[in-house]
Amino acid sequence: MEKPYYIESFSHVNNGGVSVNGTPAFKTLETDFKSVMKAAYKELGLDYPKFFKMDNLSKLGFLAAEVILKDESEKNIAIVFSNRAASLDTDRGYQDSIKDATQYYPSPSVFVYTLANICMGEISIKHKIHSENCFFVMDEFSPETLSSYASQLMDENKAEKVLCGWVDVDNEKYDAFLYVVAKKGTFVHSDAEINRLYKTTHEQ
């Protein structure tokens with residue numbers, strides 16, 4: 001018999017807004033990604049200067065995670081993220097810095113973010129998490145993939161909780177939906193419920 005798990009909390013960042021458990025926490029009329037991130041950082045009272053050195057994917061994931069992990073005491077939290085193009089948004093910027101032999105200025109600070117899992121690393125550093133992590137690349141959000149992997153980690157006692165979700169950035173298009181899987185919570189951890197919460201946040 002499968003063990004029941006639950007969704008403890010969830011967040012969404014899209015269209016200039018941040019919501020926590022379905023309730024709006026921040027909204028701006030700004031439309032460009034950098035301005036939205038800067039305004040959200042200030043309005044939500046974050047205090048982590050390294051945030052401004054991160055690439056766009058890491059900023060998005062960090063912000064979506066921070067609003068649901070800020071009061072979390074558990075450290076054995078696995079991280080399972082997904083998106084449709086890994087770190088392509090940052091890869092383009094790095095490619096631009098090396099494609100012209102006469103203007104060859106590769107930046108180590110940009111190169112370090114040309115791996116999608118660095119996004120998870122930034123969250124782990126902030127919250128002192130030392131557990132399993134995995135980043136899936138897929139065409140679209142897949143509750144089935146995430147729920148199956150998260151449940152397996154919990155079943156095998158590799159984590160007490162799992163931070164899961166979708167973190168995707170492509171130029172000015174961005175979308176993050178994260179949720180915490182735990183042994184207790186408000187919502188049943190199922191494909192249908194994950195999909196419902198994901199769609200609900202997109203309808204706001």
Quiz item: Could you put Phe33, Phe136, Phe81 in order, starting from the residue whose Cβ has the fewest other Cβ atoms within 10 Å?
Solution: Phe136, Phe33, Phe81
Quiz prompt | Model label zone, Glu193; criterion: amide N under 17 Å from point 7 Å along Cα-to-beta-carbon; scope segment 125-151 | solution = 143-151
Quiz item: Given the Cα-Cα distance of Glu30 and Ser142 and 0.36 nm per residue of separation, how much length would full extension add, in nm?
Solution: 37.4 nm
Practice problem: Return the FRET efficiency for the residue pair Tyr6, Asn171: r is the Cβ-Cβ distance, R0 is 45 Å, and the value is rounded to the nearest 0.05. | Solution: 0.80
Quiz prompt | Label point distance in nm, Glu72-His130, each placed 7 Å from Cα along Cα→Cβ | solution = 1.7 nm
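A short reminder: the numbers here are calculations on the coordinates, not readings from a lab. Every value quoted in this text rests on a predicted model; they were computed, and no experiment measured them. Here the Cβ is made from the backbone with ideal geometry for all residues, glycine too, and neighbour counts use every protein chain on show.
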